[in-house]
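Here is the structure we will look at.
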Amino acid sequence: RALMMGVRKFGRQPLWIQRLRSAQMLDSLMQYKEHPLIRETKRECLEDHWDLQGVEYILSGIQSGSIQVREIFLEKPSPLSLPLRRQTEATMMYDYTPTPMGIHIAAEEALEEAQMIPPSPEQLASVSERRRLPEDEKQLHSLLMIEGDLAAGELAIPIEWLELLAQKERVKYIEPGLWIAAEHADKYAAAFEGADRQARLQIVLR
């Protein structure tokens, strides 16, 4: 890719000029999906910048219940997230490259094409099928914390788990026939009783 940017006669080109020229070239080639630059850009994103295997591992663990999710609010970044924040800030400040309009248009067209492909009934059933059920009331509570709510009778689990969690005030039963984690009670009340649009959106997106 560097060779396609051309060679300056006297010395090296400034980095900001190289970034600008590379963005302009990428914009002009967006319609040629099989161009070597486009293929290499896709490969770099999928293999070098995105840890897709790691994402699949985490999401599969959350879905199966082997990985628990807890929401923690801190005033300062944790020691694990602080390097990520600094890396993001450095990228935005020093490696920023303007995204040409052609790339935005190509991304929107790709999303529209994906949305026009209806999923088959088999695919919908596969997505909705749960690979692993909760093994005890603790995992059931974690599931409610992650997914937000469960309809009565939705899972083949002992009713005693829900009753035990209800006695400990860790879950609540609300109309219309939903079990929710007690931590989400205020959000659901705002959504159903107060008609809070933001709260409804957060519930739907879970």
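Kindly indicate the residue of region 41-68 that is of a type in the set (S, T, N, Q), assigned to a helix (DSSP H, G or I) and surrounded by 10 or more Cβ atoms within 10 Å (Cβ to Cβ) and also modelled with the lowest pLDDT among those meeting that condition.
The qualifying residue modelled with the lowest pLDDT is 41.
List the pairs whose first member sits in region 59-74 and is at positive phi, whose second member is assigned to a loop (DSSP other than H, G, I, E, B), and whose Cβ atoms are under 8 Å apart, counting only residues at least 6 apart or on separate chains?
Filtered contacts from region 59-74: 65/132; 65/134; 65/135.
The values are calculated or read from the model by the stated rules, or taken from the named source; none is laboratory data. Everything numeric in this text was worked out from a predicted model, so none of it was measured. Note that each Cβ is placed from the backbone with ideal geometry, even for glycine, and that neighbours are counted across all protein chains shown.
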